[in-house]
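See structure below.
The values are calculated or read from the model by the stated rules, or taken from the named source; none is laboratory data. Values in this document were obtained by computation on a predicted structure and should not be read as measured data. Here Cβ is always computed from backbone atoms with ideal geometry, including for glycine, and neighbour counts include all displayed protein chains. These area figures cover heavy atoms from the full protein model, side chains too; ligands, DNA and RNA do not enter into them. Shrake-Rupley method; radii C 1.70, N 1.55, O 1.52, S 1.80 Å.
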Amino acid sequence: MNQNFGVIVLAAGASANRQRPKQLLPYLGKTLIEHAARTALASGAREVVVVVGSDAQAVREKLKHLPVRVVFNREWSEGIASSIRCGLVALGTNVDCAVLALCDQPRITPGLLRDLAQRQIETGSSIVASSYDGVLGAPSAFGSDGMLNKRLA
């Protein structure tokens, strides 16, 4: 497969109903954010961007040893759409496809991220999304046309 895709890990939200940030919850000896970043890296993506907001410094600290680009979304409190825009802008135009992943979906595999990118690139669909009980959602893959439209929106 053409490895010209990037992964954007969304990790900017506040965890208002928890005592500590969800991104920093333990999972298999690491934190959720470390697991998500490692999964994205293992997918074969050309670049991995992690979007942070709430608790940005603590999340950055957990990622400092990984080859990911961490970007701060100043508008994180406005919701996930602002984090998607921030990640797409940071990823730039050097990829044919961007895969969006959430940091709190630990069962996502590198193969799933790669498969979403491959399906998007092969079909040319603007968006390829996962489906859970008939509901579309993340992770999902956006083609370069779809990414451009999202950047400008």
> What tally of residues in the stretch 69-95 results from selecting those that are in a loop (DSSP other than H, G, I, E, B) and either open to solvent by 70 Å² or more (accessible area, probe 1.4 Å) or touching a Lys or Arg at 6+ places or on another chain (Cβ under 9 Å) (or both)?
Replying inline: 6
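I'd like the residue in the stretch 120-153 that is hydroxyl-bearing (S, T, Y) and closer than 15 Å to L91 by Cβ and, out of all such residues, is modelled with the highest pLDDT. Show your work before the answer.
Residues of the stretch 120-153 hydroxyl-bearing (S, T, Y): 123, 125-126, 130-132, 140, 144.
Cutting the leftovers down to closer than 15 Å to L91 by Cβ gives us 140, 144.
Working: S140: 96, S144: 75.
Per the criteria, the residue is S140.
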> Hey, among G92, G87, which residue is small (G, A, S), free of Cβ contacts under 8 Å to residues at least 40 places away in the same chain and within 26 Å of D145 (Cβ to Cβ)?
Replying inline: G92
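Does the stretch 77-96 hold any residues that are β-branched (V, I, T) and more than 12 Å from the chain's Cα centre (by Cα), and which are they? Before you say what the answer is, go through the steps one by one.
Residues of the stretch 77-96 β-branched (V, I, T): 80, 84, 89, 93, 95.
Those that are β-branched (V, I, T) and more than 12 Å from the chain's Cα centre (by Cα): V89, T93, V95.
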> Which of the residues spanning the stretch 1-17 are within 18 Å of E78 (Cβ to Cβ), surrounded by 20 or more Cβ atoms within 10 Å (Cβ to Cβ) and either modelled with pLDDT of 90 or more or of a type in the set (S, T, N, Q) (or both)?
Replying inline: I8, L10, A11, A12
>> Among the numbered criteria (1) within 29 Å of R20 (Cα to Cα); (2) free of Cβ contacts under 8 Å to residues at least 24 places away in the same chain; (3) charged (D, E, K, R), which one does D133 miss?
In response: (1)
> Residues in the stretch 97-120: is at least one open to solvent by less than 30 Å² (accessible area, probe 1.4 Å), of a type in the set (G, A, S), at positive phi and more than 11 Å from the chain's Cα centre (by Cα)?
Replying inline: no
> Here are some conditions: (1) without any contact (Cβ under 8 Å) to a residue 60 or more places away in the chain; (2) not in a helix (DSSP H, G or I). A58 meets all but one. Which one does it not meet?
Replying inline: (2)
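Name the residues in the stretch 46-68 that are open to solvent by 20 Å² or more (accessible area, probe 1.4 Å) and small (G, A, S), would you?
Looking only at the stretch 46-68, we keep the residues that are open to solvent by 20 Å² or more (accessible area, probe 1.4 Å), and these are 46-47, 55, 57-58, 60-62, 64-68.
Across the stretch 46-68, the qualifying residue is only A58.
Do we find that L24 is open to solvent by less than 60 Å² (accessible area, probe 1.4 Å) and over 23 Å from F142 (Cβ atoms) in this structure?
Numbers: open to solvent by less than 60 Å² (accessible area, probe 1.4 Å): yes; over 23 Å from F142 (Cβ atoms): yes.
Against the criterion (open to solvent by less than 60 Å² (accessible area, probe 1.4 Å) and over 23 Å from F142 (Cβ atoms)), L24 qualifies.
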>> Going by what's in this entry, would A42 be described as touching a Pro at 6+ places or on another chain (Cβ under 8 Å), surrounded by fewer than 21 Cβ atoms within 10 Å (Cβ to Cβ) and over 25 Å from L116 (Cα atoms)?
In response: no
> Of R69, R20, R38, which residue is modelled with pLDDT under 95, charged (D, E, K, R) and more than 23 Å from S131 (Cβ to Cβ)?
Replying inline: R20
>> For the list (1) outside any loop (DSSP other than H, G, I, E, B); (2) surrounded by 13 or more Cβ atoms within 10 Å (Cβ to Cβ); (3) not aliphatic (A, V, I, L, M), I need the number of the one condition that G137 fails.
In response: (2)
